[in-house]
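Visitor: Would you mind keeping the following structure in view while I ask a few things?
The values are calculated or read from the model by the stated rules, or taken from the named source; none is laboratory data. Fair warning: this is a prediction, and the values are worked out from it, not measured in the lab. Here Cβ is always computed from backbone atoms with ideal geometry, including for glycine, and neighbour counts include all displayed protein chains.
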Amino acid sequence: MNTLIINAQIVTSSKTESAEILITGTKIARIEEHIESIEVIDETIDAKGLIVLPGGVDPHVHLHLPTPAGYSADDFRSGSEAALLGGTTTIIDFVTSHKGQSLVDALDERIDEASNTLTDFTFHISPVEWRNTTEKEIVSCIERGFTSFKVYMAYKDSVGLNDEALLRVMQVVGSAGGIVAIHCESGDDIERLRNELFRQDKVTPAFHALSRPPKTESKAVRKAIELAAKAVCPLYIVHVSTAESLQHIHRAQLNGQKVYAETCPHYLLLNDSSYQGDFEQTVPFVMSPPLRKKSDNEALWEAIHSKVVQTVGTDHCPFTMEQKAMGRYDFRKIPNGVPGIGYRLNLLYSYGVLLRNDFNINQLENVFASNPAKIFGFYPQKGAIAIGSDADLVLYNPHVSEQDVSTIVSSKFGTDIYKSMKTKGNPEMVLFQGEIVVRKGILVKQPQGKLIRRLKS
Ligand code: URP
Ligand code: ZN
Ligand code: ZN
């Protein structure tokens, strides 16, 4: 199958240029100003007026995540459909082993669970304890092409690791050529604070945020950076939300340490005023870390501009109102997480490219597609419009008039945090594995996502 895209405004990480793209099978075969093709063209797409970007790579999603409140509300099928509708064609989810379970067995189980994923996918692997077999298990995961390991400094009663285990994981991952992704919140401090607040009968969602003040993040960020330096391990700090964390990250980067940072659309666009109101109004915004101040939003945008932050992941982890209501009388029982998998491109375009002087379409491409693919070892297969790359493309129509973002990817959760936000433009067409899968907001094909194997860093 040969598809020719004409009149394309191609956005790469450094420039935007007019060209034609020939797709043969699942790969990009040619990119030229004008393709004089002798081959048979099965389909011609006229991209006049559209912006052509690489398919998005979301480095942080939790589909079908088991929690005490039940599974997160999107499974691999429904979550990946929302991803495609929003222009994301590759996702990185998580393998979280049970205590006593081998990482390799947990990985095999998770691969089976994800078999109905419509996008391409891979996993970060989470050791939840240090055992005498952990080193061997990490090395075998890396040999199989799963090179990133996610550890938690919070959630100490379930998946969190103590400092000694963190250091060991980092030492093994670093020397085996992998990368550690880390949730930085100081678990012990938070545990103390939240129990103290609960004892004082402070039980509403607003206290979720107050039990996780900015210091609990920045302190953990500093500690994680120190441990990674000692272990000589590349570090990727997920969902950075505060200005103070950014200072530690920037300092480490200036010292030459391999430290990468991710933020999320909600930390760029929303703030802690969302915790004012009644339970129904405020509970959708319960995520960890919590929303911060407007000054933190601003610091994060600036950090993207100065390349201190490299990626914007969604941390997509939605729950229904019924699930969130499990914490009606105790904020500690509210399942943490918010939706976002389908909104990333629309939000970054509308609130970044259109509204900010310090964020252009090429920077959008960086945080949305190429940087996550580079950091996690599958560039230029993904995250690039280049000869030989996978033909995963978004044709974004910037002219579609203002609309409520939650109508783009219909929300079934009743806990949508972007409810009243308008966006401009829309993915007009999404190509995945060389074929059109989305046309004007409708999924026209049910593709079969592939598991991606990755290279060591
Ligand atoms: O609140 C969040 N972020 N839920 C998902 C799990 C995590 O910590 O990333
Ligand atoms: Zn997290
Ligand atoms: Zn997460």
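Visitor: Restricted to region 156-197, and to residues that are more than 16 Å from residue 97 (Cβ to Cβ) and of a type in the set (Ser, Thr, Tyr), which residue is nearest to the chain's Cα centre (by Cα)?
Guide: 186
Visitor: Then there is this: Residues that are surrounded by fewer than 14 Cβ atoms within 10 Å (Cβ to Cβ): find the strands (runs of 3 or more DSSP E) completely inside region 1-60 holding 1 or more of those.
Guide: 16-24, 27-32, 43-46
Visitor: Hey, can you tell me all the residues within region 269-324 that are under 18 Å from residue 212 (Cβ atoms), in a loop (DSSP other than H, G, I, E, B) and in contact (Cβ under 8 Å) with a residue 60 or more places away in the chain?
Guide: 270, 276, 286, 288, 289, 290, 291, 292, 315, 317, 319
Visitor: Cβ-Cβ distance below 8 Å, separation of 6 or more or different chains: which pairs start in region 129-157 with a residue that is more than 16 Å from ligand 1 (Cβ to nearest atom) and end on one that is of a type in the set (Ser, Thr, Tyr) and at pLDDT below 95?
Guide: 147/457
Visitor: So which residues in region 233-256 are within 16 Å of ligand 2 (Cβ to nearest atom), aliphatic (A, V, I, L, M) and touching a Pro at 6+ places or on another chain (Cβ under 9 Å)?
Guide: Those that are within 16 Å of ligand 2 (Cβ to nearest atom), aliphatic (A, V, I, L, M) and touching a Pro at 6+ places or on another chain (Cβ under 9 Å): 238, 240.
Visitor: Mind listing whichever residues of region 28-65 are without any contact (Cβ under 8 Å) to a residue 12 or more places away in the chain and within 13 Å of ligand 1 (Cβ to nearest atom)?
Guide: none
Visitor: Would you confirm, using the coordinates I've provided, whether residue 330 is away from ligand 2 (no atom under 16 Å from the Cβ), in the same structural domain as residue 199 (by TED's automatic domain parsing) and under 18 Å from residue 243 (Cβ atoms)?
Guide: So residue 330 does not fit the description; no.
Visitor: Can I ask one more? Looking at region 355-375, which of the residues that are in contact (Cβ under 8 Å) with a residue 60 or more places away in the chain and touching a Gly at 6+ places or on another chain (Cβ under 8 Å) is farthest from residue 118 (Cα to Cα)? Show your work before the answer.
Guide: Within region 355-375, the first condition is being in contact (Cβ under 8 Å) with a residue 60 or more places away in the chain, and the residues that meet it are 361-362, 364-373, 375.
Checking the rest, the ones that are also touching a Gly at 6+ places or on another chain (Cβ under 8 Å) come to 364, 368-373.
Details: 364: 24, 368: 19, 369: 18, 370: 20, 371: 22, 372: 19, 373: 18 Å.
Among those that are in contact (Cβ under 8 Å) with a residue 60 or more places away in the chain and touching a Gly at 6+ places or on another chain (Cβ under 8 Å), it is 364.
Visitor: Separate question: Considering only residues that are closer than 27 Å to residue 389 by Cα and polar (S, T, N, Q), look in region 89-111 and name the one that is nearest to ligand 1 (Cβ to nearest atom).
Guide: So, considering only residues that are closer than 27 Å to residue 389 by Cα and polar (S, T, N, Q), the one nearest to ligand 1 (Cβ to nearest atom) is 90.
Visitor: Taking region 340-361, which residues are touching a strand residue (DSSP E or B) at 6+ places or on another chain (Cβ under 6 Å) and within 16 Å of ligand 3 (Cβ to nearest atom)?
Guide: Passing the criteria: 340, 341.
Visitor: Among the residues of region 413-446, which ones are more than 23 Å from residue 51 (Cα to Cα) and either surrounded by 14 or more Cβ atoms within 10 Å (Cβ to Cβ) or modelled with pLDDT of 95 or more (or both)? Before the answer, list the steps.
Guide: Going through region 413-446, the residues more than 23 Å from residue 51 (Cα to Cα) turn out to be 413-420, 446.
The answer is 413, 414, 415, 416, 417, 418, 446.
Visitor: Kindly list the number of the only condition in (1) farther than 22 Å from residue 207 by Cβ; (2) crowded, with 20+ Cβ neighbours inside 10 Å; (3) in contact (Cβ under 8 Å) with a residue 40 or more places away in the chain that fails for residue 266.
Guide: Unmet condition: (1).
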